[in-house]
Every structure is written in C-alpha cells, then in structure tokens.
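Report on the following structure.
The values are calculated or read from the model by the stated rules, or taken from the named source; none is laboratory data. Given the structure is predicted, the values throughout are model-derived calculations rather than measurements. Cβ atoms come from the backbone with ideal geometry, glycine included; neighbour counts cover every protein chain shown.
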Amino acid sequence: MQFKNMNELVEYLGTLEERIKTLEAENNSLRAIQPRSEVDGNVIAKYVARYIPQTDLFNTGFLRRAFAVWGHFFVANFIISFIAFFIYACLMMVMFGSLLGSASQLGG
C-alpha cells in the first residue's frame with residue numbers, strides 16, 4: 001500500500017491499532033468462556049496411532065522399512081514398464097506392419 005503523505009500513514013496505523021485492540025478484546029472474551037484444557041500427550045498419541053495405517057512403512061526397524069519402500073518402488077516400476085512396453089509394442093506393430101505391407105505390394 002502506498003501513502004501520499006504522512007497523515008494517510010498515521011490514519012492507517014490508527015485504524016490498524018483499533019482493529020488489534022478489538023481482536024485482543026474478542027480473544028480475551030473467548031478465553032474467558034472456554035478455558036484451556038490440559039490434554040495428556042499419551043491420549044493424543046493413542047488417537048493419532050488409531051488413524052495411522054498398519055504398514056511396514058512406519059515400522060521402527062530399518063530393514064523392514066527399507067524393504068517396504070523397495071516393494072512399493074518395484075510395483076510402481078513394474079506398472080510403468082508395462083505401460084511403456086505396451087506403447088512400444090503398438091508402435092512396432094504399426095511400423096513393421098506398414099513396412100511388411102509395402103514390401104508385399106512391391107513383391108506381388
């Protein structure tokens with residue numbers, strides 16, 4: 001935001017200070033209505049653990065975690081390779097099919 005003179009800047013800062021005072025008053029009233037509750041860290045850990053999938057990707061053992069990552073990589077690589085091979089095979093059939101078709105016309 002650009003200010004043309006010092007009075008505009010002072011006026012803008014005054015409105016910001018008023019907004020801050022209003023927000024602080026609202027915040028204090030909300031804190032008075034709902035006091036903070038102390039939550040045990042174990043309760044939060046149990047709650048989060050309930051929603052984490054049971055997979056070796058989150059295992060504490062390095063080898064189990066490493067093989068889980070490698071397995072996911074292997075499957076993803078297999079799927080991508082299968083798609084690439086299918087496209088390659090289609091292109092080869094089109095190219096060699098047209099070559100064989102033109103060769104048979106020349107020979108016949």
Confirm whether VAL48 is modelled with pLDDT of 85 or more and either touching a Ser or Thr at 6+ places or on another chain (Cβ under 6 Å) or among the β-branched types (Val, Ile, Thr) (or both). no
Has the range 39-54 got any residue that is surrounded by 10 or more Cβ atoms within 10 Å (Cβ to Cβ), free of Cβ contacts under 8 Å to residues at least 12 places away in the same chain and in a loop (DSSP other than H, G, I, E, B)? no
Boolean, LYS4 is exposed (fewer than 10 other Cβ atoms within 10 Å of the Cβ) and either touching a residue at least 12 places away in the same chain (Cβ under 8 Å) or among the basic types (Lys, Arg) (or both): yes
LEU99 being at pLDDT below 95, outside the structural domain of MET1 (by TED's automatic domain parsing), out of contact with any strand residue (DSSP E or B) (no Cβ under 9 Å at 6 or more places or on another chain) and part of a helix (DSSP H, G or I): yes
